[in-house]
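One structure is given below, encoded as structure tokens.
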Amino acid sequence: MQTAAQKIVFHGSGIRLFALQIVNILLTIVSFGLYYPWARAAYFRFTLHETEFAGNRFSFSGTGRELFKGLAIGLLILAAIESGLLYLSSHSILLSSFLSFMVFMLFVPFVIHASMRYRTSRISWRGIHFGYRGDLKMLMNISVKGTLLTVVTLGVYSAWYAMEVRNYVLGNVRFGSIQIKYHGKGLDYFLINLKGIVLTIFTFGLYWFWWNRNLLNYYINK
């Protein structure tokens, strides 16, 4: 007897996401940015709790305090690197600019790699936890290629770059003994963002929340 296919469904509404993001933005502004990690934790909890699979919803056990600690460590590392580059700039602006560009290409995949390891360890479904098994070196190779092509194409390739990263990262996520696969396409992602940018401008920013919801739907459906 063949088992019916199960589909992941996102139940979140644009209105509820709008309200959550408004609160997060206001508290982040009032706290001069310090609330940002707690805002991210609230966002993850909302999106995962509103995502259902086989009659059960996902959960996120991460906290703002944990995210704050990770962010602080990342910023300290970046500040140390930037201090060194600032010193070099007094001797050679060209060398400093080149090294800054290289740091950007390598630091971004490092952050993605570290954050995926953390986030997946805090996501569960029916008590079963996720895990990330990606290779940092491979992710850096994708970042170097994607960054260079994005610069050459004046930003157009960024949609394809984003999907290549997501395909690789999510393709290395494990759920118990199950391997996850993601099938995002650069053109689809480009068109969603193009529509989002245009409508957000014409609605004076209000469509941004629905744009965000469309992106979440696309991520989950793929």
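The values are calculated or read from the model by the stated rules, or taken from the named source; none is laboratory data. Computed from a prediction, not measured in an experiment: that's the story for all the values here. Neighbour counts are summed over all protein chains in view; Cβ atoms, including those assigned to glycine, are modelled from backbone coordinates with ideal geometry. These area figures cover heavy atoms from the full protein model, side chains too; ligands, DNA and RNA do not enter into them. Shrake-Rupley method; radii C 1.70, N 1.55, O 1.52, S 1.80 Å.
Within the stretch 198-212, if we keep just the residues that are modelled with pLDDT of 85 or more and under 17 Å from the mean Cα position of the chain (by Cα), the residue that is most open to solvent (accessible area, probe 1.4 Å) turns out to be Trp208.
Scanning the stretch 169-187 for residues that are among the basic types (Lys, Arg), more than 20 Å from Gly127 (Cα to Cα) and touching a residue at least 12 places away in the same chain (Cβ under 8 Å) yields a count of 1. Restricting attention to the stretch 43-67, which residues are part of a loop (DSSP other than H, G, I, E, B) and touching a Leu at 6+ places or on another chain (Cβ under 7 Å)? Within the stretch 43-67, Phe58 is the sole residue that qualifies.
Selection over the stretch 52-93 of residues that are of a type in the set (Ser, Thr, Tyr) and modelled with pLDDT of 90 or more gives a count of 3. I'd like to know if the stretch 163-181 contains one or more residues that are of a type in the set (S, T, N, Q) and either part of a helix (DSSP H, G or I) or open to solvent by less than 70 Å² (accessible area, probe 1.4 Å) (or both). So far as the stretch 163-181 goes, yes, one or more of its residues are of a type in the set (S, T, N, Q) and either part of a helix (DSSP H, G or I) or open to solvent by less than 70 Å² (accessible area, probe 1.4 Å) (or both). Going through the stretch 115-155 one residue at a time, which ones are open to solvent by 50 Å² or more (accessible area, probe 1.4 Å) and either part of a strand (DSSP E or B) or in contact with a Ser or Thr (Cβ under 8 Å, 6 or more places away or on another chain) (or both)? Matches in the stretch 115-155: Arg122, Ile128, His129.
Working only within the stretch 30-55, note down all residues that are over 22 Å from Lys69 (Cβ atoms) and free of Cβ contacts under 8 Å to residues at least 40 places away in the same chain. Of everything in the stretch 30-55, those that are over 22 Å from Lys69 (Cβ atoms) and free of Cβ contacts under 8 Å to residues at least 40 places away in the same chain turn out to be His49, Gly55. For the stretch 130-171, a residue qualifies if it is aromatic (Phe, Trp, Tyr) and under 11 Å from His113 (Cβ atoms), and the qualifying residues are Tyr132, Tyr168. Of all residues in the stretch 23-40, count the ones that are part of a helix (DSSP H, G or I), farther than 17 Å from Gly62 by Cα and open to solvent by 60 Å² or more (accessible area, probe 1.4 Å). Count: 6.
Summed over the stretch 124-141, residues that are at positive phi and in contact (Cβ under 8 Å) with a residue 40 or more places away in the chain total 1.
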